[in-house]
Amino acid sequence: MGTSTTSEEANTAQKVAETYNTWGEGYDDVVQTTPFFINSFKLYDSVLARLIAKNRRFRSVLDMGCGSGLQSAALSPYADTLVGVDLSTQLLHIARKRCKDAKHLYFQVADACKLPFRESRFDLIISYGDVLSHIVDHYEQAISEMARVAKPGAIVTFEVDTKWNVGLLYHPRELRDALMTPGNGHATRIWGGMRFKTFTYPEMVALLGRYGLSVIGCYGHNILASFIPDRFLLEQGRRSLFGQLALTLGRIDLGLCGMFPWNRFGFNLVIVAEKIGGANAACCKKSDTPADRQASEMPISSVSGLLNAEI
């Protein structure tokens, strides 16, 4: 697979960057007030908490598609070094302000399909917020790049759009596209003026396996909440009855998120994989100072709590 950027790919990347640049500081408002994102960020918190084992921390972390730095800030106490990359200069500006006191966190513009890092660089790679699904035509190149910069034994966790969810019933054209694409996910989901690639669980397992990544966890979000029509699931401002129901179902989903078969459905999947070729302990180290031990014993910061912090 080549590393050159086609005109179509460049236009897609530019569209994504422009969309999130337009959102700017409004991005956090969307995350804080929209039932869909409130539900999804609660799952991020839960998965990240699972990855932070007691008395262990990561030497080097990559937050690919870091956005406004919410996950970067949450992981800060557990990383010796963390690098956040994104296409949106506006969101990177917010991330730098949010993490201005954390001198071991760095942020830069970078393309997920051409990561500017050497091989086997990171112990933990996270990529939440549909980063891979944004890369409609070159998602496999982004997967290969994550695998390339991951150390043997590293953990790679990311989010993708799921092919099947109840919400398809409200979108008959997309449902038709899904039915016409047997075995794999379709690439015609539209949201916010952007196109998304969806995936099935077997499709993702096969893709990761090609690059030495083995799936060790799979979680779904907005599973039962996908019964709620989009206009309520994505509502902001005053909460409607259906919006409140979406949040209630989201809490139930959090209990179902890792259970088969529920974890194969929902609007999105959060995948946890391991880079084959080394023990998982290779990516972490025991805390060896009082400060390290204190940090490792603290629960991971809630991303939703960070939203209320002054930027």
**OP:** Taking the Cα centre of segment 27-295 as origin, work out the dipole magnitude from +1 charges on Lys and Arg Cβ and -1 charges on Asp and Glu Cβ, in debye rounded to 20.
**Re:** 540 debye
Subject >> Percentage relative contact order, segment 44-108, counting C-alpha pairs under 8 Å, at least six apart >> reply: 32 percent
**OP:** Pop out the ³J(HN,Hα) list for segment 247-255 in order, Karplus 6.51 cos²θ - 1.76 cosθ + 1.60 with θ = phi - 60°, rounded to Hz; leave Gly and Pro as x.
**Re:** 5, 5, 5, x, 5, 5, 4, 4, x
Subject >> Ascending count of other beta-carbon atoms within 10 Å, so fewest first, for T89, T33, T162 >> reply: T89, T33, T162
**OP:** Would you mind checking the pairs K15/K275; K42/K100; K42/K163; K103/K163; K15/K151 and listing those with alpha carbons more than 28 angstrom apart?
**Re:** K15/K275; K103/K163; K15/K151
Original post:
Compactness ratio of segment 1-147: Cα Rg over 2.2 N^0.38 Å, N = residue count?
Top reply: 1.03
**OP:** Above 32 angstrom, tally the Cα pairs of segment 27-295 and express them as a % of all pairs, no decimals.
**Re:** 21 percent
Original post:
Which value, in Å³ per residue, describes the convex hull spanned by the Cα atoms of segment 77-150?
Top reply: 93 Å³
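Every read-out reported here was derived from the displayed coordinates using simple, explicitly stated rules and does not represent laboratory data. These numbers come from a predicted model, not from an experiment. Here the Cβ is made from the backbone with ideal geometry for all residues, glycine too, and neighbour counts use every protein chain on show.
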